[in-house]
Amino acid sequence: MNTRENGSGEEPVIRDNRKIDPETGEARSQAEREQAEWAAQAGQAGEAGQASAAGLAAAELAAQLAERTADLQRLQAEYANYRKRVDRDRAMVKEQAVAGVLSELLPVLDDIGRARDHGELTGGFAKVSESLETVAGKLGLSAFGAKGEPFDPTVHEALMHSYSPDVTEPTCVEILQPGYRIGERVLRPARVAVAEPEEPAAGDAGDN
């Protein structure tokens with residue numbers, strides 16, 4: 001009997017690739033199909049495992065990067081604080097050194113001031129004294145203390161005391177020796193004569 005007489009005569013179409021041997025094109029047996037199916041599942045599991053491992057590796061790398069970034073930021077902050085501390089200490093040491101040198105020069109500046117007051121600052125000595133005062137000024141030294149300013153015990157040293165009807169508060173009426181400072185640091189207070197308001201009479205005190 002001709003096969004075409006009983007049907008279409010076409011061979012069955014197998015669409016599941018696991019049922020066909022890719023080398024021969026023949027249909028696989030049940031055992032071969034099960035083996036192919038197992039291999040396919042194993043391949044999918046392997047790909048999933050590789051993807052999972054890659055994800056874990058990326059997460060671990062990101063965590064390490066974040067940790068290293070935090071370490072770097074902390075190191076930068078510590079270095080900045082160190083630089084500030086070093087700069088502050090350096091400035092303090094410099095100021096102390098300058099203050100020490102200028103403190104030794106104050107008696108010389110006093111002599112120059114007295115010579116100027118007596119009209120003895122002339123000739124070459126005048127030029128030298130001016131140069132010395134200029135250098136001291138460049139190093140930050142400044143004199144203070146003026147007649148008529150209120151007495152301030154933090155910057156004035158009272159060597160003489162009196163009463164006067166011409167003042168309403170303790171006042172520097174004479175500058176015996178100028179004070180000197182560097183910035184806000186007082187190297188030597190101004191030595192002054194101080195006058196206070198006139199003492200009330202004994203009778204006036206009794207009336208009160």
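Here are the numbers for this structure:
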quantity: A136 being of a type in the set (A, V, I, L, M, F, W, C), open to solvent by less than 60 Å² (accessible area, probe 1.4 Å) and either without any contact (Cβ under 8 Å) to a residue 24 or more places away in the chain or under 14 Å from G113 (Cβ atoms) (or both); calculated: yes
quantity: Filtered residues of the stretch 139-157 (kept if of a type outside the set (S, T, N, Q) and either more than 14 Å from L187 (Cα to Cα) or open to solvent by 90 Å² or more (accessible area, probe 1.4 Å) (or both)); calculated: A146, K147, G148, E149, P150, F151, D152, P153
quantity: Matching residues, the stretch 101-117, being closer than 12 Å to E133 by Cα and touching a Leu at 6+ places or on another chain (Cβ under 6 Å); calculated: L102
quantity: From A77, A126, A99, residue being over 30 Å from the mean Cα position of the chain (by Cα) and either under 16 Å from R188 (Cα atoms) or among the aliphatic types (A, V, I, L, M) (or both); calculated: A126
quantity: One residue from K94, K138, K84, K147 being touching an Asp or Glu at 6+ places or on another chain (Cβ under 7 Å) and under 25 Å from G183 (Cβ atoms); calculated: K147
quantity: Filter result for R181 (among the basic types (K, R) and open to solvent by less than 80 Å² (accessible area, probe 1.4 Å)); calculated: yes
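The values are calculated or read from the model by the stated rules, or taken from the named source; none is laboratory data. Remember, predicted model here, so these are calculated numbers, not experimental data. Please note: Cβ atoms are built from the backbone with ideal geometry, for glycine as well, and neighbour counts cover all protein chains shown. Protein only, heavy atoms only, side chains kept; ligands, DNA and RNA dropped before computing areas. Shrake-Rupley method; radii C 1.70, N 1.55, O 1.52, S 1.80 Å.
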